[in-house]
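Read the figures in this text as sums done on the coordinates, not as results from a lab. These numbers were taken from a predicted model, which means no experiment stands behind them. Methodologically, a virtual Cβ is constructed for each residue, glycine included, from the backbone with ideal geometry; neighbour enumeration extends over all protein chains shown.
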There are 2 protein chains.
Amino acid sequence: MAKEMTLYWGSGSPPCWRAMIALEEKGLQGYNSKLLSFEKKDHKTPEVVTINPRGQFPAFKHGKIIVNESFAICEYLEDTFKGQGTTLVPQDPMDRAMMRQRMHEGNTLMSKFVDVAFYFWRIPEAERNEATLKRNKEALTAEVKLWDGYLQKGNGHYLAGKTFTLADVIVFPVVAFLFRMGLSEEKYPKLAGYYNHLKTRPSIEKTWPPTWKETPGQPMLNDI
Amino acid sequence: MAKEMTLYWGSGSPPCWRAMIALEEKGLQGYNSKLLSFEKKDHKTPEVVTINPRGQFPAFKHGKIIVNESFAICEYLEDTFKGQGTTLVPQDPMDRAMMRQRMHEGNTLMSKFVDVAFYFWRIPEAERNEATLKRNKEALTAEVKLWDGYLQKGNGHYLAGKTFTLADVIVFPVVAFLFRMGLSEEKYPKLAGYYNHLKTRPSIEKTWPPTWKETPGQPMLNDI
């Protein structure tokens, strides 16, 4: 089955990493893994744009089925391979509701992170404004505090219930990126505990972004 | 069951509207519907913040279960009340994959819409930049073209398969907001066809934002 799957991805992108973690967890090793380059603008090539018309990674195909949104890829894999590998959706209805809530909140964490960490990359120099960046940093600080608070409940190992779920697949890559960019483990001890607990999970360790192993992160979030 | 549910909402917010459409479709009339005011900053009151710590609408509670993210609310209702009302998840695996893909793409449409339509509301005057707004408009134009293209396939009535699904629950409110803000029906005929087909659907007509009935939209998107 995995042989009929192709994933186009770029190193370090949380949405790509989510898909790769889900593929590992569902025991779908052996898929066609196409690591391409953001720098070379591979995501704008016809090969990728045919699958993902926005010209973005990830781009994912399973036979005739195309799913590119990282949430949709993870949900698709869990739905299609229910009885295989890790069950990523909890049985308990309350945990399941919590999983959905945290997954989608993950979009907010990601967007507030991007507004700070990629500000200089996304906003042309002539349009940059110090006051905007300051506001973005304040918003990210409030957001990160919220997640640190969430993890004070329970054992702090997982975001929803007592097992690894889609919420962790979605949110962990963003948390890892935060720490790579200099987020303080001292200021956010619960989030750091979560990060340190999951970073050695086999599906995560195996799919760790190759560029992250080669280069250090930039300490951009020291003041968050 | 519906009596144990409370929805705090603001008029005209697509995330709130999604929850209301899903509640109607699942036959959950009779829930506690708390219409509050964005202008009065009701979303920042303790009553709402206890449920939704970001102080945002929607805020939703079903007994002890709290779900605030609009996607999560809709998925929770479909999951919990599977056999009741409209089945919002297609049986066919290909349609289901497409539904997930379009749902999550709905976030991109929403965010590009917000970047234009709420630019003056979200960005303080001193930080505004004409070049940014121009870029945002170009991004929204490309995005809207993409959706018009999606609807050229099939009968153009629904986003995934031959029935009304979660993809429509999520995306329709954004499409309706686009047209309210002056998007051209001539330039985007397929999107307009979709809009006009669904706007009289009972769940949608019944939950149409009350403020939209009272006041006209602003023609902000004429040049999109």
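Miscellaneous remarks
- Between B:Arg96, B:Arg122, B:Arg180, the residue with the greatest mean-square fluctuation in the GNM of chain B (Cα pairs under 10 Å linked by springs) is B:Arg122.
- Net charge of neighbours whose Cβ lies under 10 Å from the Cβ of B:Gly55, counting Lys and Arg as +1 and Asp and Glu as -1: +2
- Within the range A:6-134, all pairs of alpha-carbon atoms sorted by distance into 5 Å bins from zero give the percentages 2, 10, 16, 19, 17, 15, 10, 6, 4, 1, 0.
- The fewest-to-most ranking of B:Val114, A:Val67 by surrounding Cβ atoms within 10 Å reads B:Val114, A:Val67.
- Rounded if a/c under 1.5, otherwise prolate or oblate - the protein assembly as shown, Cα gyration tensor axes: rounded
- For the range A:55-84 and the range B:94-128, distance of Cα centres in Å: 22 Å
- The phi-based Karplus calculation (6.51 cos²θ - 1.76 cosθ + 1.60; θ = phi - 60°) puts the 3J(HN,Hα) values of the range B:54-64 at 7, x, 9, 9, x, 10, 9, 9, 10, x, 8 Hz, whole numbers, x for Gly and Pro.
- Efficiency of FRET between B:Lys153 and B:Gln84 - r from beta-carbon atoms, R0 51 angstrom, step 0.05: 0.95
- Mean Cα-pair separation over length for chain A, i.e. relative contact order, pairs under 8 Å, 6 or more apart, %: 22 percent
- Partner chain coverage, peptide A:95-105 - average Cβ within 10 angstrom: 6
- Pairs of Cα atoms nearer than 8 Å and 6+ residues apart set the relative contact order; for the range A:2-80 it is 38 percent.
- Cβ-to-Cβ counts within 10 Å put B:Met220, A:Met5 in ascending order as B:Met220, A:Met5, the fewest first.
- Pairs with C-alpha atoms separated by more than 24 Å, drawn from the list A:Lys112/B:Lys41; A:Lys34/B:Lys162; B:Lys26/B:Lys199, are A:Lys34/B:Lys162.
- Estimated from the Cβ-Cβ distance and a Förster radius of 30 angstrom, the FRET efficiency linking A:Ser33 and A:Arg135 is about 0.15.
- Two-site label geometry, B:Lys40 and B:Met94: point separation in nm, points 7 Å out along Cα→Cβ: 5.2 nm
- Sum of side-chain charges, A:Met110 neighbourhood, beta-carbon under 15 Å (Lys, Arg +1; Asp, Glu -1): 0
- With contacts taken as Cα pairs under 8 Å at a separation of at least 6 residues, the range A:64-155 carries a relative contact order of 20 percent.
- Per-selection Rg to Rh, the range A:1-50 - Cα, Kirkwood hydrodynamic radius: 0.99
- Working from label points 7 Å from Cα in the Cα-to-Cβ sense, the A:Phe118 to B:Leu146 distance is 1.3 nm.
- Radius 12 Å from Cβ of A:Leu133, net charge of other residues (Lys, Arg +1; Asp, Glu -1): -1
- Total charge dipole magnitude, chain B, about the Cα centre, Cβ charges on Lys, Arg, Asp, Glu only, Debye to nearest 20: 180 debye
- Placing unit charges on the Cβ atoms of the charged side chains and taking the dipole of chain B about its Cα centre, the candidate lying farthest along the positive direction among B:Asn129, B:Gly63, B:Cys74 is B:Gly63.
- Cβ-vector label at 7 Å, A:Gln91, separations to other copies in nm: 2.8
- By the count of neighbouring beta-carbon atoms within 10 Å, fewest first, A:Trp9, A:Trp208, B:Trp121 end up ordered B:Trp121, A:Trp208, A:Trp9.
- Sorted from shortest to longest, the distances between the A:Lys3 label points of this copy and the other copies are 5.9 nm, with each point 7 Å from Cα along the line through the beta carbon.
- Charging the Cβ of each Asp and Glu at -1 and of each Lys and Arg at +1, and nothing else, the dipole of the range A:93-214 about its Cα centre rounds to 320 debye.
- For chain B: rounded, prolate or oblate by the Cα gyration tensor [a/c cutoff 1.5]: oblate
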